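Worksheet: the structure to be examined is printed underneath.
The values are calculated or read from the model by the stated rules, or taken from the named source; none is laboratory data. It should be emphasised that the depicted structure is a prediction, and the values quoted were computed from it without experimental measurement. Positions of Cβ are backbone-derived with ideal geometry, glycine not excepted, and every protein chain shown enters the neighbour counts.
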Amino acid sequence: MSDTKFQGWLGKNEESVKGKMEWGEFEPKKWTEDDVDIEISHCGLCGSDLHMLKSGWGPTPYPCVVGHEIIGKAVRVGKNVKHIKEGTRVGVGAQARSCLQKDCPDCSSGLESYCGNGVVNTYGSVYPGDEGKSYGGYATHNRTNAHFVLNIPEGLDSADAAPMLCGGITVYSPLKQNGCGPGKKVGIVGVGGLGHFGVLFAKALGADRVVGISRKAEKRDDVLKLGADEYIATDEDKDWAKNNVRSLDLIVCTVSSDKMPLNDYLTMLKTKGTFIQVGAPDGGNLPPINAFTLIPNGIKVGGSAIGSPAEIAEMLQLAADKKVKPWIQKRSMKEANQAVIDLDAGRARYRYVLEN
Ligand code: ZN
Ligand code: ZN
């Protein structure tokens with residue numbers, strides 16, 4: 001069973017983001033009986049993959065195989081694993097490990113993605129205790145701790161389910177946790193890979209009105225077709241901020257650039273409204289926030305990081321029940337380099353999924 005060869009697209013330096021990943025073998029983390037080996041059928045491309053390939057969020061421990069929207073078949077299941085059966089369809093998102101200790105305030109309350117005792121990411125992390133490095137899904141196989149391996153509900157297509165595992169949950173969690181639902185008007189800023197899921201899930205959760213907010217008018221038709229009730233093009237709609245002042249209960253912002261009109265977005269919140277940032281710019285800095293934007297409306301600004309395995313399972317079930325259909329473009333695993341270049345150039349409508 002352990003003679004599986006793990007092969008994938010290796011990023012060896014910062015140039016790899018320019019379509020220079022190299023196919024080769026890699027040594028997965030050391031096997032434990034808490035792990036699952038997955039034969040990968042699909043892996044979505046996430047903006048994080050680009051940041052990691054080019055060391056945008058700090059030095060990457062090269063060689064690195066990116067990809068954290070993994071779907072495949074469980075081909076080896078550790079003895080301690082109860083919920084995964086060999087041969088079944090499973091998935092892994094952006095997180096591969098947390099401390100899982102009973103006295104951890106986060107892990108013990110279903111907040112694994114916020115664990116303060118050491119989160120291991122699905123790729124580009126080094127495991128504690130000599131277990132090696134984590135490698136992602138632009139590959140033939142993946143090995144991950146079973147706590148973060150999920151069963152995929154029937155009725156969801158594998159290629160559709162893959163990008164939900166990071167892109168989907170990153171927006172589903174803040175929507176759910178901040179009251180998106182009937183009676184609410186919700187804005188999604190940045191309608192790209194993440195934001196298109198924001199529109200889909202805000203509607204699936206039953207929000208009264210969903211407003212897509214992006215720079216260019218050319219996306220308007222797409223965003224309305226996705227199910228948004230309104231669209232705002234901030235580069236082109238004159239006086240958009242003034243015309244939409246105090247109109248939204250909740251905003252989820254997926255923009256990962258520090259060049260965004262943040263204070264204008266905040267003026268769109270109703271009294272006591274909430275703004276949640278999920279996009280992470282290289283370097284991490286956001287534009288300065290003016291206190292007089294916050295105080296007179298009593299608004300809150302916060303952040304959100306992916307979601308727990310239980311929350312991912314809940315999202316997948318909602319997607320299956322409500323027939324949420326992401327807009328994806330399938331690419332062959334062989335053309336991962338070109339797919340990375342295209343993603344970086346902003347060509348994805350709205351998520352690429354690699355297929356083995
Ligand atoms: Zn991601
Ligand atoms: Zn923990």
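Among the residues of region 306-338, the ones that are in a helix (DSSP H, G or I), small (G, A, S) and within 16 Å of ligand 1 (Cβ to nearest atom) come to 1 in all. Under the condition of being out of contact with any helix residue (DSSP H, G or I) (no Cβ under 6 Å at 6 or more places or on another chain), in the same structural domain as G47 (by TED's automatic domain parsing) and over 16 Å from G307 (Cβ atoms), the residues counted in region 152-182 number 5. Among the residues of region 240-257, some residue qualifies, meaning at least one is within 25 Å of L50 (Cα to Cα) and out of contact with any strand residue (DSSP E or B) (no Cβ under 7 Å at 6 or more places or on another chain). Considering region 80-104, the residues that are among the small types (G, A, S) and either surrounded by 19 or more Cβ atoms within 10 Å (Cβ to Cβ) or outside the structural domain of G118 (by TED's automatic domain parsing) (or both) include one that is nearest to ligand 1 (Cβ to nearest atom), namely A94. Does A336 fit the bill of being out of contact with any helix residue (DSSP H, G or I) (no Cβ under 8 Å at 6 or more places or on another chain) and free of Cβ contacts under 8 Å to residues at least 40 places away in the same chain? It is false that A336 is out of contact with any helix residue (DSSP H, G or I) (no Cβ under 8 Å at 6 or more places or on another chain) and free of Cβ contacts under 8 Å to residues at least 40 places away in the same chain.
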